[in-house]
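To keep things clear, I will list the structure first and then write my remarks on it.
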Amino acid sequence: MSNVLARRGRFSAYKLVWLQAAVAGGTSVLFFVLWGASYGWAALAGGFIAVLPNFVFATLAFAHAGASASKKVVLAFFFGEAVKLLLTIVLFALAFGLLKLEFLPLFFTYALSLVVPWTAPLYFKQN
């Protein structure tokens, strides 16, 4: 039973990650069309910085489920959040330090992708 619960939680989290990726991809295409390739690549990087850590978190956090594995569930969530935070820091450092991308489209797409889970009840029916 706990395997089924973990799978359902992971599936719901992956749906949100896919929605974040779609919003980030659409935003980066919009920046590319309106302001050119440098803004489009920066927006795509901002979306990547938001989506990849959330995907890693969803994979790690929903590895366990059920009352018998409650300690494992809590530890998995803490570990997933720590990895997500560190990965976000590393990706921002790479984007600004190594790639020297434009700030505005990168941060706008990042912030827009982070707002997606807040609006999730508007898009997904809960079972």
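The values are calculated or read from the model by the stated rules, or taken from the named source; none is laboratory data. All of these numbers come straight from a predicted model, not from anything done at the bench. Every residue, glycine among them, receives a Cβ derived from its backbone with ideal geometry; neighbour counts consider all protein chains shown. Surface areas here come from the heavy atoms of the whole protein model, side chains and all, with no ligands, DNA or RNA. Shrake-Rupley method; radii C 1.70, N 1.55, O 1.52, S 1.80 Å.
Could you tell me whether residue 25 is surrounded by 14 or more Cβ atoms within 10 Å (Cβ to Cβ), touching a Ser or Thr at 6+ places or on another chain (Cβ under 9 Å), modelled with pLDDT of 90 or more and of a type outside the set (A, V, I, L, M, F, W, C)? Write out each step before concluding.
On the way: surrounded by 14 or more Cβ atoms within 10 Å (Cβ to Cβ): yes; touching a Ser or Thr at 6+ places or on another chain (Cβ under 9 Å): no; modelled with pLDDT of 90 or more: yes; of a type outside the set (A, V, I, L, M, F, W, C): yes.
So residue 25 fails the test.
Regarding residue 58, is this residue buried (at least 19 other Cβ atoms within 10 Å of the Cβ), closer than 15 Å to residue 117 by Cβ and of a type in the set (A, V, I, L, M, F, W, C)? Lay out the reasoning, then the answer.
On the way: buried (at least 19 other Cβ atoms within 10 Å of the Cβ): yes; closer than 15 Å to residue 117 by Cβ: yes; of a type in the set (A, V, I, L, M, F, W, C): yes.
Taking the combined requirement at face value, the residue satisfies it.
Scan the stretch 8-26 and report the pairs whose first residue is over 27 Å from residue 43 (Cβ atoms) and whose second residue is hydrophobic (A, V, I, L, M, F, W, C) and open to solvent by 40 Å² or more (accessible area, probe 1.4 Å), with Cβ atoms within less than 7 Å and a gap of 6+ or a chain change.
Pairs that qualify, where the first residue is over 27 Å from residue 43 (Cβ atoms) and the partner is hydrophobic (A, V, I, L, M, F, W, C) and open to solvent by 40 Å² or more (accessible area, probe 1.4 Å), are 9/62; 10/62.
Considering only residues that are part of a helix (DSSP H, G or I) and not small (Gly, Ala, Ser), which ones fall in the stretch 44-63? If you could, list the steps in order and put the result at the bottom.
The first filter runs over the stretch 44-63 and keeps only residues part of a helix (DSSP H, G or I), leaving 44-61.
Residues satisfying the conditions are 44, 48, 49, 51, 52, 53, 54, 55, 56, 57, 59, 60.
Checking residue 121 against (1) open to solvent by 80 Å² or more (accessible area, probe 1.4 Å); (2) more than 16 Å from residue 9 (Cα to Cα): exactly one of these is not met. Which one?
Here residue 121 meets the rest and fails (2).
Give me the residue from the stretch 82-102 that is small (Gly, Ala, Ser) and closer than 19 Å to residue 113 by Cα and, out of that set, surrounded by the fewest Cβ atoms within 10 Å (Cβ to Cβ). Lay out the reasoning, then the answer.
Residues of the stretch 82-102 small (Gly, Ala, Ser): 82, 93, 95, 97.
Pick out the ones that are also closer than 19 Å to residue 113 by Cα and you get 93, 95.
Working: 93: 10, 95: 21.
For the stretch 82-102, the residue satisfying everything is 93.
Would you confirm whether or not the stretch 11-19 contains a residue that is of a type outside the set (D, E, K, R) and over 20 Å from residue 91 (Cβ atoms)? Steps first, answer last, please.
Pass one, the stretch 11-19, residues of a type outside the set (D, E, K, R): 11-14, 16-19.
After this cut, where a residue has to be over 20 Å from residue 91 (Cβ atoms) as well, the list is 11-12.
Checking the stretch 11-19: at least one residue is of a type outside the set (D, E, K, R) and over 20 Å from residue 91 (Cβ atoms).
If you check every pair at least six apart or on different chains, which have Cβ atoms under 8 Å apart with a residue in the stretch 85-111 that is over 15 Å from residue 51 (Cβ atoms) first and a residue that is part of a helix (DSSP H, G or I) and open to solvent by 80 Å² or more (accessible area, probe 1.4 Å) second?
96/103; 101/41; 105/35
In the stretch 103-113, how many residues are of a type in the set (A, V, I, L, M) and either open to solvent by less than 60 Å² (accessible area, probe 1.4 Å) or at positive phi (or both)? Steps first, please.
Taking the stretch 103-113 and keeping what is of a type in the set (A, V, I, L, M), we get 104, 106, 111-112.
Now narrow it down to the ones that are either open to solvent by less than 60 Å² (accessible area, probe 1.4 Å) or at positive phi (or both): 106, 111.
Count: 2.
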